[in-house]
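Novice: If you scroll down you'll find the structure; I have some questions about it.
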Amino acid sequence: MKKYNVAILGATGAVGQEFLKLIEEREFPFNELKLLASERSAGKVIEFMGKDYIVEEAKPDSFKDVHIALFAGGATSKTLAPEAVKRGAVVIDNSSAFRMDPEVPLVVPEVNPEAIKNHKGIIANPNCSTIIMVMALKPIYDVVKIKRIVVSTYQAVSGAGKEAIDELTDQVKAVMEKSPVEANILPGASLPKHYQIAFNLLPQIDVFVEDDYTKEEMKMVHETHKILNDYTVGITATTVRVPVYRSHSESVNIELDGPMSPEEAKQVLAKFPGVIVEDNPAEMLYPMPLYTSDRNEVSVGRIRADKTVPHGLNMWVVGDQIRKGAALNAVQIAEYMVEHNLI
Ligand SMILES: NC(=O)c1ccc[n+]([C@@H]2O[C@H](COP(=O)([O-])OP(=O)(O)OC[C@H]3O[C@@H](n4cnc5c(N)ncnc54)[C@H](OP(=O)(O)O)[C@@H]3O)[C@@H](O)[C@H]2O)c1
């Protein structure tokens, strides 16, 4: 089997570290592996599959001879992705820099793999909450068109990176020890104000953009339209950060064009690759973030009729946003390209 030179940008971060786990777990056919981060991490040693790798500062020339560049370095994508493409690499990018670019496919491999072949060097991974939601929408949408979606998210702190994970731990410890609580990261490191996340909920993720919606909320709207290639679906979102380490949860209410019973929804969801149905009220069975963490599948439960509209359904959708919401989705795109000779 052909092997590929792979670079991971952001290798020291939450998503970058998950890339490494997945490459090993899924036996991704790599030849050389380059681990890239900022100058802060240059020289750091990361042990991977019995070998020591030295982290290098990411620069345009880091991508020379790289076939596949997995990007999880935040805002650096904007400048480095075109440089990597210039040097012949295919970039699969976790940032939001190129998602809405009409030239860039925005892909969830179970949902719209056909978009991959149109790439011009960069393929974008959607926002983590969008990926988790569309995994539960697509099997239903393929049977009955969705008219309207009302989604509220309960997003884990790891969605904001490694510093936010540490911030939750430090704050919980400070509260328990009755010491002063410091807040420097959430709801966003670059925002002018910060709030305590421990024992709290923050109804703001990213900056406010239009009509008092946040950028995270509008990403869910615009990206879902692009992935489904249907701009007629009404979508409204409220995104909330919760003091959970890992896995995003979403309350998803949908209005359909025609009838679909909760039983039928359960059947189509259970058949869809990458989705599992965990739904048995009699046994108190439903998805929870603690138990979906480190799992590849998106889990759906609490599926029931919304009788306030002619054809309504409610679902509770939970998935590991570092896995399916980021690293796994990107690795699946790379695997698809390898299988279909698209690299
Ligand atoms: N966490 C999630 O659940 C999630 C889900 C979907 C998408 N994403 C996206 O994935 C990307 C990475 O997120 P993350 O959560 O892994 O963040 P993170 O834990 O904060 O890690 C950020 C990584 O980027 C590197 N980096 C930062 N500035 C850099 C620079 N100037 N040049 C090169 N590397 C630089 C960091 O290196 P140093 O260690 O040297 O600072 C680190 O390796 C972001 O775009 C994020 O929006 C994250």
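The values are calculated or read from the model by the stated rules, or taken from the named source; none is laboratory data. Computed from a prediction, not measured in an experiment: that's the story for all the values here. Because the Cβ atoms are built from the backbone with ideal geometry, glycine has one as well, and the counts that use them run over all protein chains shown.
Novice: Can you find, within the range 297-343, the residue that is farthest from the ligand (Cβ to nearest atom) among those that are among the small types (Gly, Ala, Ser) and in contact (Cβ under 8 Å) with a residue 60 or more places away in the chain? Lay out the reasoning, then the answer.
Specialist: If we filter the range 297-343 for residues that are among the small types (Gly, Ala, Ser), which is where we start, we get 299, 301, 305, 312, 319, 325-327, 330, 334.
Among the residues that remain, those that are also in contact (Cβ under 8 Å) with a residue 60 or more places away in the chain are: 319, 325-327, 330, 334.
Working: Gly319: 11, Gly325: 5, Ala326: 4, Ala327: 8, Ala330: 9, Ala334: 16 Å.
Among them, the one singled out is Ala334.
Novice: From the list Ala42, Ala124, pick out the single residue that is at pLDDT 95 or above and under 27 Å from Glu223 (Cα atoms). Steps first, answer last, please.
Specialist: Values: Ala42 fails: under 27 Å from Glu223 (Cα atoms).
Residue meeting the stated conditions: Ala124.
Novice: If you check every pair at least six apart or on different chains, which have Cβ atoms under 7 Å apart with a residue in the range 21-48 that is in contact (Cβ under 8 Å) with a residue 60 or more places away in the chain first and a residue that is away from the ligand (no atom under 13 Å from the Cβ) and part of a loop (DSSP other than H, G, I, E, B) second?
Specialist: Within 7 Å, the pairs are Pro29/Met1; Pro29/Lys2; Pro29/Lys3.
Novice: Considering only residues that are in contact with a Leu (Cβ under 9 Å, 6 or more places away or on another chain) and assigned to a strand (DSSP E or B), look in the range 59-92 and name the one that is farthest from the ligand (Cβ to nearest atom).
Specialist: That would be Val90.
Each row is one residue, and each column tells you yes or no for (1) in contact with a Leu (Cβ under 8 Å, 6 or more places away or on another chain); (2) assigned by TED's automatic domain parsing to the domain that holds Lys138; (3) under 20 Å from Thr130 (Cα atoms).
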residue: Pro259; (1), (2), (3): no, yes, no
residue: Leu269; (1), (2), (3): no, yes, yes
residue: Phe272; (1), (2), (3): no, yes, yes
residue: Ile276; (1), (2), (3): no, yes, yes
residue: Asp279; (1), (2), (3): yes, yes, no
residue: Ser293; (1), (2), (3): no, yes, yes
residue: Val300; (1), (2), (3): yes, yes, yes
residue: Ala305; (1), (2), (3): yes, yes, no
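Novice: Next question, about the same structure. Looking at (1) in a helix (DSSP H, G or I); (2) touching a residue at least 60 places away in the same chain (Cβ under 8 Å), which is the only condition Pro126 fails?
Specialist: Failed condition: (1).
Novice: What is the number of the single condition among (1) touching a helix residue (DSSP H, G or I) at 6+ places or on another chain (Cβ under 9 Å); (2) within 24 Å of Leu106 (Cβ to Cβ); (3) surrounded by 14 or more Cβ atoms within 10 Å (Cβ to Cβ) that Arg304 does not meet?
Specialist: Looking at each condition in turn, Arg304 falls short on (2).
Novice: If Lys64 satisfies all but one of (1) touching a residue at least 24 places away in the same chain (Cβ under 8 Å); (2) farther than 23 Å from Glu27 by Cα, what's the number of the condition it fails?
Specialist: Condition not satisfied by Lys64: (1).
Novice: Please work out which residue is farthest from the ligand (Cβ to nearest atom), limiting yourself to the range 10-31 and to residues that are over 15 Å from the mean Cα position of the chain (by Cα) and aliphatic (A, V, I, L, M).
Specialist: Checked the range 10-31; the qualifying residue farthest from the ligand (Cβ to nearest atom) is Ile23.
Novice: Output the residue which, of all residues in the range 146-184 that are in contact with a strand residue (DSSP E or B) (Cβ under 7 Å, 6 or more places away or on another chain) and basic (Lys, Arg), is surrounded by the most Cβ atoms within 10 Å (Cβ to Cβ).
Specialist: Here the residue is Lys147.
Novice: Name the single residue, out of those in the range 296-312 being basic (Lys, Arg) and part of a strand (DSSP E or B), that is farthest from Lys145 (Cα to Cα). Step through it out loud before you land on a result.
Specialist: The initial filter retains those residues of the range 296-312 that are basic (Lys, Arg), namely 302, 304, 307.
So of that shortlist, the ones also part of a strand (DSSP E or B) come out as 302, 304.
Values: Arg302: 21, Arg304: 18 Å.
The extreme case among them is Arg302.
Novice: Can you tell which of Ala89, Ala115 is under 23 Å from Ile322 (Cα atoms), outside the structural domain of Leu269 (by TED's automatic domain parsing) and at pLDDT 95 or above? Explain how you work it out, then say what you get.
Specialist: Numbers: Ala89 fails: under 23 Å from Ile322 (Cα atoms).
Residue meeting the stated conditions: Ala115.
Novice: Next question, about the same structure. Based on this model, can you work out whether Ala7 counts as over 26 Å from Asn341 (Cα atoms), within 16 Å of the ligand (Cβ to nearest atom) and in contact (Cβ under 8 Å) with a residue 40 or more places away in the chain?
Specialist: On the way: over 26 Å from Asn341 (Cα atoms): no; within 16 Å of the ligand (Cβ to nearest atom): yes; in contact (Cβ under 8 Å) with a residue 40 or more places away in the chain: yes.
No; evaluated as a whole, the condition is false for this residue.
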